[in-house]
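What follows is one structure encoded as structure tokens, with my remarks underneath.
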Amino acid sequence: MNFANVLAHFSHSGVDDMADNTCHFGINSMFADGGVTPVHGEDTTRLYFPVDRHQFAACVKRIFNDPGLRFLFTTRSPVPDILDADGKPLYADQPFEPGKDSIVRAAPPGGGYIVAVGETVYRSLDALITLAEQGVGVGLVNKSTLNVI
């Protein structure tokens, strides 16, 4: 895109029926990272899926002046705050670091991890809590920058 600096926000990028992916807005994410290798320099295209309002605000603040194409995806439906084990908002007053995954819940020894993106994190956290009540221990990773490994 001619070395453009773009910060674009796409709503309707969740998994709720009708509110998100069953309309034309739901296909935006498929085209955002088209796999075009830059001719000069490194690929600065980034796909961001903040997990809640706190991480959204921190993300915008952090990436606002970054170079390249920055796509910020959210859902149309309300999303609850992600809470820590003590019931406090996990991402309140927490800086955002592009490309860095965060641990929402650590796995117990021998346990695996669920890796979730955007608004699927709160759904995965609910599943994790239900599994823990049944004696199954797993952890949860929030992958908020989708195309950086």
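Throughout, read-outs are computed from the coordinates displayed, never taken from laboratory work. Keep in mind that this is a model prediction, so the values were computed, not measured. When we count neighbours, we look across all protein chains shown, and the Cβ atoms used for this are built from the backbone with ideal geometry, even at glycine.
Skipping prolines and chain starts, which residues have an amide H placed within reach, meaning under 5 Å, of the one on Val141, given they are 5 or more residues away or on another chain?
Residues meeting the criterion, in which the H sits 1.01 Å from N, are Val104, Ile114, Val115, Ala116.
What lysines could a cross-link reach from Lys61, if we take a straight Cα to Cα line under 17 Å and drop same-chain neighbours fewer than 8 places away?
Answer for Lys61, where 17 Å is the Cα cut-off: Lys100, listed by chain and number.
Test of understanding: what is the full-extension gain from Ala85 to Asp43, defined as 0.36 nm times their sequence separation minus their Cα-Cα distance?
Computed gain between Ala85 and Asp43 is 11.4 nm.
Could you give me the ³J(HN,Hα) list for segment 127-141, computed from phi with Karplus coefficients 6.51, -1.76, 1.60 and θ = phi - 60°, whole Hz, x at Gly and Pro?
So the J values, rounded to whole Hz, are 5, 4, 5, 4, 5, 4, 5, 9, x, 9, x, 9, x, 9, 10.
What are the ³J(HN,Hα) couplings of segment 47-52, residue after residue, when phi is run through the Karplus curve with 6.51, -1.76, 1.60 and θ = phi - 60°? Round to Hz, x for glycine and proline.
10, 10, 10, x, 7, 7
Non-local amide H neighbours of Leu69 (under 5 Å, H modeled in plane, Pro and chain starts lacking H): which ones?
Result for Leu69 returns Val6, Thr44, Thr45, Arg46.
For Leu83, enumerate residues with amide H under 5 Å from its amide H, sequence gap 5+ or separate chain, H modeled in the peptide plane.
The list, which skips near neighbours in sequence, is Leu90.
Please arrange Val104, Val141 by how many other C-beta atoms lie within 10 Å of their C-beta, fewest to most. Write out the running numbers ahead of the final one.
Numbers: Val104 24, Val141 19.
Ordered from fewest to most neighbouring Cβ atoms within 10 Å, Val104, Val141 come out as Val141, Val104.
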